[in-house]
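Peer 1: First the structure, then my questions, so here it is.
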Amino acid sequence: MSYGVVWFKRDLRLHDHAALEAASARGPLLCLYIIEPDLWRQPDMASQHYLFALECLEDLSASLRQRHIQLLVRVGEAVAVLTQLHQAAPFDALFSHEETGNGFTYARDQAVHRWCRAHGVQWTEYRQTGVIRRLRSREGWAKRWEQFVAAPCLPVPVMQAWPSALHSDVPPTPDALGMYLHNPPQRQRGGRRRAIAVLQSFLMERSAQYRGGISSPLSAPTACSRLSPYLAYGCLSLREIVQACRRKLERLGPDAGHHRKGLQAFVSRLHWHCHFMQKLESEPEIEWHNMHRGYDGLRENEHDESRMEALTQGRTGWPLVDASIAMLNQTGWLNFRMRAMLVSVAAYPLWLHWRPVGIWLARCFLDYEPGIHWSQMQMQSGTTGINTTRVYNPIKQASDHDPHGKFIRRWLPAMRQVPDTWLFEPWRMPPAVLERCHLSDGQVIPQPVIELETATRYAKQRLHLRRRDPEVKAAKQKVLTRHGSRQTQARRNGKPRRYDTPQLGLQLDETSRSRNQSDLAESEDHAGTGTTDAARRSPSTR
Ligand SMILES: Cc1cc2nc3c(=O)[nH]c(=O)nc-3n(C[C@H](O)[C@H](O)[C@H](O)COP(=O)(O)OP(=O)(O)OC[C@H]3O[C@@H](n4cnc5c(N)ncnc54)[C@H](O)[C@@H]3O)c2cc1C
């Protein structure tokens, strides 16, 4: 009998690993990870992603070694590596998880499929999230998600190694790979052991702050789960996290209402994780094209490089925006609201197209997950045609979520001596006050790159005009049918909201009555459930 190859991709764990389970049940196996130079050189990739993946591989490799299995790490193009292995010792089965990646991985998977067919290798791919391949209709999607996450987690299988004399390649440095170098000094580190520790601390303590804590950039770093990079590289499976969360919910006492709501809200985000990824899976073109093609030409030909530069260098002049960029550059992470605000500022007052902004942010976010990222980029830029357009005012956001300027002063040293009165609009400071700020050499307080109010009003008008176009209106239903949340549509028809309250079976009305306004805003924002309807057709400013 031949052997099977388990191809690890963004599923760097042994637990709840359907491909590993199937290969082990079949017979001897070889565990493979391919470092694909062309993948890491893609414009949406940065060295932080690669280094995080290598940290995950160290953990994975150690876990396999304990079980007397080698992780073979090879550098090269996927088809070339598979060919080498096949020439050394022919195999007839390839096992992996399905991947909803960027355009590069999509094309590479097609090439691997062709190679497998030509070489008589059966490639079986397994689901690792609630995303459904070749989905025909969104009807019943939520039910299928629930079935997927509720199925038993797979234990680490007993594995039988295929005796092989092959050796791993030494992973090249990011420099040698010629990739974009960006590695935030305070980013999270990879690996399953770290992922478990982060999950534990969230379930035990931090999730009690989830409700009410996720919007402010001050509380969010601890109130949010911080599981996103571990989900993106598959150190933990989505199912493991949902089930751990539900077990914790069962153990919470009757007086832990706030904690309970936090965990329930968190599970709803895990549902949205797959909901957004499904959009890219169903329509890979949304990585490049507007989800609603009626918005084509809106911003494409008006790219202003000086505005883009001000944004990427964190000198827009709006303190909360610049402080968020400073934090992102140091940590590789931002909470949802600050991400949405950055994109809103880019898309509206700065009138930048989502594609170059999205490439920049993909490199900056350690947790870059193409399916979530491109769907969110489009949603926050108003090009889906089906979501409520939210325009975030960075001055209002600062006074709402950083009222004492702690966040701004922490990340922007030049702002430390600016008196509270001018903290959110320092350009209004009289020269005499500015002088008393004692800026050191090289420190500047930038002027706003554009006049916010006028630019935002102009942007809203342009978007609104496009949205009212009869052709654009008519084409909306097609997008809604393909990508819209059936729950949102059902809710509008008076049906309950399932994934905000799945464990208790409460209905939206009951929960929303007990929430305060800010919690409700967090929930709507984060999930991004809103779709435009007759009553909310004009963009709202937050
Ligand atoms: C423009 C933009 C780009 C984004 N790009 C990414 C990305 O590349 N990768 C990514 O994981 N998230 C992305 N998000 C969603 C969200 O901001 C992050 O998931 C979250 O900040 C990660 O931190 P956390 O794990 O502590 O979040 P938690 O609040 O603890 O959420 C838990 C998990 O739920 C999922 N999730 C949470 N919020 C959302 C959401 N709104 N949509 C879809 N899934 C969600 C994520 O998998 C997250 O890890 C993006 C949001 C915006 C506005």
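Peer 1: Does residue 75 meet the test of being in contact with a helix residue (DSSP H, G or I) (Cβ under 8 Å, 6 or more places away or on another chain) and among the β-branched types (Val, Ile, Thr)?
Peer 2: Details: in contact with a helix residue (DSSP H, G or I) (Cβ under 8 Å, 6 or more places away or on another chain): yes; among the β-branched types (Val, Ile, Thr): yes.
Judged against the criteria, residue 75 is a match.
Peer 1: Is at least one residue of the stretch 331-338 among the polar types (S, T, N, Q), outside any helix (DSSP H, G or I), within 12 Å of the ligand (Cβ to nearest atom) and surrounded by 23 or more Cβ atoms within 10 Å (Cβ to Cβ)?
Peer 2: Of the stretch 331-338, the ones among the polar types (S, T, N, Q) are 331, 335.
Next cut, outside any helix (DSSP H, G or I) only: 335.
From the residues that got through so far, the ones that are within 12 Å of the ligand (Cβ to nearest atom) too are 335.
Those still in the list that are surrounded by 23 or more Cβ atoms within 10 Å (Cβ to Cβ) too: 335.
Checked against the condition, which is being among the polar types (S, T, N, Q), outside any helix (DSSP H, G or I), within 12 Å of the ligand (Cβ to nearest atom) and surrounded by 23 or more Cβ atoms within 10 Å (Cβ to Cβ), the stretch 331-338 yields at least one hit.
Peer 1: Against the condition of a type in the set (Ser, Thr, Tyr), under 17 Å from the mean Cα position of the chain (by Cα) and in a helix (DSSP H, G or I), how does residue 215 come out, does it pass? Walk me through it before giving the result.
Peer 2: Numbers: of a type in the set (Ser, Thr, Tyr): yes; under 17 Å from the mean Cα position of the chain (by Cα): yes; in a helix (DSSP H, G or I): no.
Against the criterion (of a type in the set (Ser, Thr, Tyr), under 17 Å from the mean Cα position of the chain (by Cα) and in a helix (DSSP H, G or I)), residue 215 does not qualify.
Peer 1: With the requirement that a residue be assigned to a helix (DSSP H, G or I), open to solvent by less than 10 Å² (accessible area, probe 1.4 Å) and near the ligand (Cβ under 6 Å from one of its atoms), what does the stretch 364-383 give you?
Peer 2: Of the residues in the stretch 364-383, the ones assigned to a helix (DSSP H, G or I) are 364, 370-381.
From what's left, open to solvent by less than 10 Å² (accessible area, probe 1.4 Å): 364, 370-371, 374-375, 377-378, 381.
Of everything in the stretch 364-383, just one residue is assigned to a helix (DSSP H, G or I), open to solvent by less than 10 Å² (accessible area, probe 1.4 Å) and near the ligand (Cβ under 6 Å from one of its atoms), namely 377.
Peer 1: Could you look through the stretch 218-260, keep only residues that are touching a Phe, Trp or Tyr at 6+ places or on another chain (Cβ under 8 Å) and assigned to a loop (DSSP other than H, G, I, E, B), and pick out the one that is farthest from the ligand (Cβ to nearest atom)?
Peer 2: 218
Peer 1: Shifting gears a bit: Can you name the residue in the stretch 347-363 that is in contact (Cβ under 8 Å) with a residue 60 or more places away in the chain and open to solvent by 10 Å² or more (accessible area, probe 1.4 Å) and, of all such residues, is farthest from the chain's Cα centre (by Cα)?
Peer 2: 351
Peer 1: Also, quick follow-up: Could you list, in sequence order, the residues of the stretch 142-160 that are among the hydrophobic types (A, V, I, L, M, F, W, C) and within 12 Å of residue 242 (Cβ to Cβ)?
Peer 2: From the stretch 142-160, those among the hydrophobic types (A, V, I, L, M, F, W, C) are 142, 145, 148-151, 153-154, 156, 158-159; that's our starting set.
Selection gives 145, 148, 149, 150, 151, 153.
Peer 1: Enumerate the helices (runs of 4 or more DSSP H) found wholly within the stretch 392-439, keeping only those where 1 or more residues are open to solvent by less than 70 Å² (accessible area, probe 1.4 Å) and charged (D, E, K, R).
Peer 2: Filter on the stretch 392-439 gives 406-411.
Peer 1: Which of the residues belonging to the stretch 309-336 are more than 20 Å from residue 425 (Cα to Cα) and in contact with a Pro (Cβ under 8 Å, 6 or more places away or on another chain)?
Peer 2: 328, 329, 330, 331, 332, 333, 334, 335
The values are calculated or read from the model by the stated rules, or taken from the named source; none is laboratory data. Owing to the predicted nature of the structure, the values given are computational and were not obtained by experimental measurement. We place every Cβ from the backbone using ideal geometry, glycine too, and count neighbours over all the protein chains shown. Accessible surface is based on the protein model in full, side chains and every heavy atom, while ligands, DNA and RNA are left aside. Shrake-Rupley method; radii C 1.70, N 1.55, O 1.52, S 1.80 Å.
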